[in-house]
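Following: one structure in structure tokens, then a few remarks.
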Amino acid sequence: MSATAREGLNDQFTNPIRLSLMATLAGVDEIDFKGLKEVLDISDSALSKHSTALEAAGHVRIRKGYVGKRPRTWLALSDGGRTAFTAHVAALRELTAGL
């Protein structure tokens, strides 16, 4: 195990919900709040809390709008979020390479 690999981990992604959220967003261009909630199998409040924290850190973009008269929220990775998550995954791979 390399200390450099360990330093490559991002503290924002060590929570299992945030890691799952980032991994899901990495696989799509954009997803609506309800769809993401169903994929992650978490409550509205948990998704709101974690997505807001990741948005504040600059990793996630949250867009609000309407479909017809119904309000909707969509989430996507920011460019910086994609870069940070890719580096985090690379560090995890390096840490676990010898297993």
Hey, G58 hits all of (1) at negative phi; (2) under 13 Å from the mean Cα position of the chain (by Cα) but one; which does it fall short on? (1)
What are the pairs with Cβ atoms under 6 angstrom where one residue, in the stretch 60-86, is within 16 Å of G35 (Cα to Cα) and in contact (Cβ under 8 Å) with a residue 12 or more places away in the chain and the other, located anywhere, is assigned to a strand (DSSP E or B) and aromatic (F, W, Y)? Sequence gap at least six, or different chains. R63/W74
Going through the stretch 65-99 one residue at a time, which ones are touching a Lys or Arg at 6+ places or on another chain (Cβ under 8 Å) and not in a helix (DSSP H, G or I)? G65, Y66, P71, R72, T73, W74, L75, A76, L77, S78
Sort out which residues of the stretch 65-99 are under 15 Å from E30 (Cβ atoms), out of contact with any strand residue (DSSP E or B) (no Cβ under 8 Å at 6 or more places or on another chain) and not aliphatic (A, V, I, L, M), and write them in order of number. D79, R82
When only residues in the stretch 77-99 that are of a type in the set (D, E, K, R) and exposed (fewer than 12 other Cβ atoms within 10 Å of the Cβ) count, which is modelled with the highest pLDDT? D79
Residue count, the stretch 1-12, condition part of a helix (DSSP H, G or I), polar (S, T, N, Q) and surrounded by 14 or more Cβ atoms within 10 Å (Cβ to Cβ), comes to 1
Taking the residues in the stretch 31-52 that are of a type in the set (S, T, Y) and out of contact with any Lys or Arg (no Cβ under 8 Å at 6 or more places or on another chain) as candidates, determine which candidate is surrounded by the most Cβ atoms within 10 Å (Cβ to Cβ). S51
Just one listed residue, out of E55, E94, is charged (D, E, K, R), in contact with a Ser or Thr (Cβ under 9 Å, 6 or more places away or on another chain) and closer than 18 Å to D32 by Cβ, and it is E55
Within the stretch 51-64, considering residues that are in a strand (DSSP E or B) and charged (D, E, K, R), the one nearest to L25 (Cα to Cα): R61
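Yes or no, residue by residue, for (1) buried (at least 17 other Cβ atoms within 10 Å of the Cβ); (2) modelled with pLDDT under 95; (3) among the basic types (K, R):
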| site | (1), (2), (3) |
| --- | --- |
| T14 | no, yes, no |
| D29 | no, no, no |
| L54 | yes, no, no |
| V67 | no, yes, no |
| L75 | yes, no, no |
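The values are calculated or read from the model by the stated rules, or taken from the named source; none is laboratory data. Values in this document were obtained by computation on a predicted structure and should not be read as measured data. We place every Cβ from the backbone using ideal geometry, glycine too, and count neighbours over all the protein chains shown.
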